[in-house]
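**Q** Submitted below is the structure of interest, expressed as structure tokens.
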Amino acid sequence: MASLVTPPSRPDRKAPGMETTSMTDTPQAAENSSDGRGDGASDRRAARWWSRRDRADTAPVAAPMPVARTRAVDPVELPANDPLLAYLAQARGPVLVADLELRTPAVRRLREAGVVMLVPLVANAQLVGVVQLGDRLSEQDYSTADRELLEQLAGQAAPALRVGQLVREQQAEFLVRERYEQELQVAQLIQQRFLPADLPEPSGWRIRPYYRAARQVGGDFYDVLDLPGGKLGLVIGDVTDKGVPAALVMASTRSVLRAAAQRLVDPAKVLTRVNDELVRDIPSRMFVTCLYGVLDPTTGEFEFANAGHDLPFIEVDGEVTELDARGMPLGMLPGSAYDNRTVQLDPGARLLLYSDGIAEAHAPDGEMFGFARTGDLLIGLPRSDAAVDELMTRLAAFTGPDWEQEDDVTVVLVDRSVHRYGTAGQQWRRVFHLPSTEGGERDAIRLVGEALADVELADDRRDALSTAIGEAVMNAMEHAHGHDPTLQVEVAVTVRPDLISVAITDQGGEDALLDHAEDPDIGAKLRGEQTPRGWGLFLVRSLVDEVHETSDGEQHTLTLELTRDGAG
């Protein structure tokens, strides 16, 4: 039996090359070979089989195959880039090394090793292996019959060898996929473990996160921290890598940031400390973008610093502003410094923190979603728990149902548009201006409903107030403005601890209507003793606790009042 030289299997290496495997001597093969005498009884045969496989300097293993009895030779590895392989792929039948005119390292080593004959194994015009043979022990040259036999054997062996290679490649690919799936599961577990399960939410604020991992889990993360003095720390970040390495760096960044935030609070100082910690140990070519801010729920002040992350957006009454703050990503340069920025989140303001998975999403035609559209997502969102779902629905409408998500998508939506008031002396006011179009009363009902979404109020009284608002606004738009869209109706909502009032102002300048309004009598209306109108004002007065009317000849205001405890 010839010697066995087989490098260990490395399914994760893809560069082609050459390797050796064993070949067993068989008496039948010797009897079928010709040395000019016909018996071949004293010949001893040894050969080396070579084939392409996934290895940088060796190729796949060939199956054992009997050939003529030859002198044993040490196997010679044939580099994948040696011109000899291209020559053998085009050769017809066995090739004598002595006849080769090529001057390559592989040819030189073959001659030094005593290799006399090369038998290419070709399947589907592809060189899949090479048989190396030494001198015949009989010291005679290889005969024509020997060559014909070797060519026949090569023709039979090459397809079988290629099938074996394909099977092994599939097995290797399966192992790679299996290992990748395992790493993916580990990364997902790490990421899910470090995303907060419960978020603090002070009265009057709504904080809603959203996270959806891409197929290849990236390094997105977010956090909301309880800080001294009742303040909140808001964090969003992204590690520039995927899989387990990104998940581990994300977990480390989160831990360091949490510790620094409790001691330093100041956003710029926190990011400086985190950068100094990460830059020493973070793997090469990796860094972390991160935005960290401190929110004071009492005053609405939001102070933040940015380490290379996407800029946040703030929306107030349909106006969207990008908040500018810049700095180097974490872990890139030692000694990086950061600056603080401050913005006021007044009642009605919404703040959007997000990762680049949104801005870099693509439509079916390849168009990128972009930052402008990302900011516009805030406009018209419902002021409820459904706001984030609506935001993602709008993104999905752009990307289409077959969008292959390329990166993690992370959102933290902070909303101060709704309040829970119960402490004496607290109150707030919102004002809306609506064009006098048909059906405009529905917009008024929606906007006031969103403003009062978290105000404690019984459902039946909330519904009654909505109906009264719709009736009063419709009356102003239709009768005072004649549905002229250039004329606006003002709707002002004021909330006090004991009272909710909604003032509807039009430009009709009419005299007070309530002073002249009669309680409607259906019989009197049928007899023509009362005008057909009058039902609306009667309905409004029956739905709320108090109705007040003022007019200065230019503007007319109807104020609806509802006590918080339901007492009329």
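**Q** Could you go through the range 487-508 and let me know if any residue there is within 41 Å of the chain's Cα centre (by Cα) and either in a loop (DSSP other than H, G, I, E, B) or hydroxyl-bearing (Ser, Thr, Tyr) (or both).
**A** There is no residue in the range 487-508 that is within 41 Å of the chain's Cα centre (by Cα) and either in a loop (DSSP other than H, G, I, E, B) or hydroxyl-bearing (Ser, Thr, Tyr) (or both).
**Q** Using the structure shown, decide if Gly230 is surrounded by fewer than 18 Cβ atoms within 10 Å (Cβ to Cβ), out of contact with any Leu (no Cβ under 6 Å at 6 or more places or on another chain) and either basic (Lys, Arg) or at positive phi (or both).
**A** When the stated conditions are applied, Gly230 passes them.
**Q** Within the range 96-148, can you find the residues that are part of a loop (DSSP other than H, G, I, E, B) and polar (S, T, N, Q)?
**A** Of everything in the range 96-148, those that are part of a loop (DSSP other than H, G, I, E, B) and polar (S, T, N, Q) turn out to be Thr104, Asn124, Ser138, Gln140, Ser143.
**Q** Checking the condition closer than 25 Å to Glu201 by Cβ and either part of a helix (DSSP H, G or I) or among the hydrophobic types (A, V, I, L, M, F, W, C) (or both), which residue from Met332, Met250 passes?
**A** The match here is Met250.
**Q** Could you go through the range 369-380 and let me know if any residue there is open to solvent by 50 Å² or more (accessible area, probe 1.4 Å), part of a loop (DSSP other than H, G, I, E, B) and at pLDDT 90 or above.
**A** no
**Q** Please work out which one of (1) among the acidic types (Asp, Glu); (2) assigned to a loop (DSSP other than H, G, I, E, B); (3) surrounded by fewer than 20 Cβ atoms within 10 Å (Cβ to Cβ) is the condition Glu303 fails and give its number.
**A** (2)
**Q** Could you say whether any residue in the range 279-300 is over 26 Å from the mean Cα position of the chain (by Cα), small (Gly, Ala, Ser) and either in a helix (DSSP H, G or I) or more than 13 Å from Leu257 (Cβ to Cβ) (or both)?
**A** Yes, the range 279-300 contains a residue that is over 26 Å from the mean Cα position of the chain (by Cα), small (Gly, Ala, Ser) and either in a helix (DSSP H, G or I) or more than 13 Å from Leu257 (Cβ to Cβ) (or both).
**Q** Are any residues in the range 103-139 more than 15 Å from Leu85 (Cβ to Cβ) and crowded, with 23+ Cβ neighbours inside 10 Å, and if so, which ones?
**A** Met117, Leu133, Arg136
**Q** Shifting gears a bit: Can you name the number of the only condition in (1) in contact with a Pro (Cβ under 6 Å, 6 or more places away or on another chain); (2) outside any helix (DSSP H, G or I); (3) of a type outside the set (Phe, Trp, Tyr) that Thr321 fails?
**A** (1)
**Q** Now a separate question. Can you name every residue in the range 262-277 that is in a helix (DSSP H, G or I), out of contact with any helix residue (DSSP H, G or I) (no Cβ under 6 Å at 6 or more places or on another chain) and surrounded by fewer than 24 Cβ atoms within 10 Å (Cβ to Cβ)?
**A** Answer for the range 262-277, where residues must be in a helix (DSSP H, G or I), out of contact with any helix residue (DSSP H, G or I) (no Cβ under 6 Å at 6 or more places or on another chain) and surrounded by fewer than 24 Cβ atoms within 10 Å (Cβ to Cβ): Gln262, Arg263, Ala268, Lys269, Thr272, Asp276.
**Q** Follow-up. With Glu510, Glu549 as the choices, which residue is of a type outside the set (Gly, Ala, Ser), over 21 Å from Arg442 (Cβ atoms) and at pLDDT 60 or above?
**A** Checking each option against the conditions leaves just Glu549.
**Q** For the range 476-496, enumerate the residues that are of a type outside the set (Val, Ile, Thr) and either surrounded by fewer than 18 Cβ atoms within 10 Å (Cβ to Cβ) or out of contact with any strand residue (DSSP E or B) (no Cβ under 8 Å at 6 or more places or on another chain) (or both).
**A** The answer is Glu478, His479, Gly482, His483, Asp484, Pro485, Leu487, Glu490, Ala492, Arg496.
The values are calculated or read from the model by the stated rules, or taken from the named source; none is laboratory data. From a predicted model like this one, the values you see are computed outputs, not experimental measurements. Heads up, the Cβs are rebuilt from the backbone with ideal geometry, glycines too, and the neighbour counts pull from every protein chain shown. Just the protein is used for accessible areas: all its heavy atoms, side chains included, with ligands, DNA and RNA removed. Shrake-Rupley method; radii C 1.70, N 1.55, O 1.52, S 1.80 Å.
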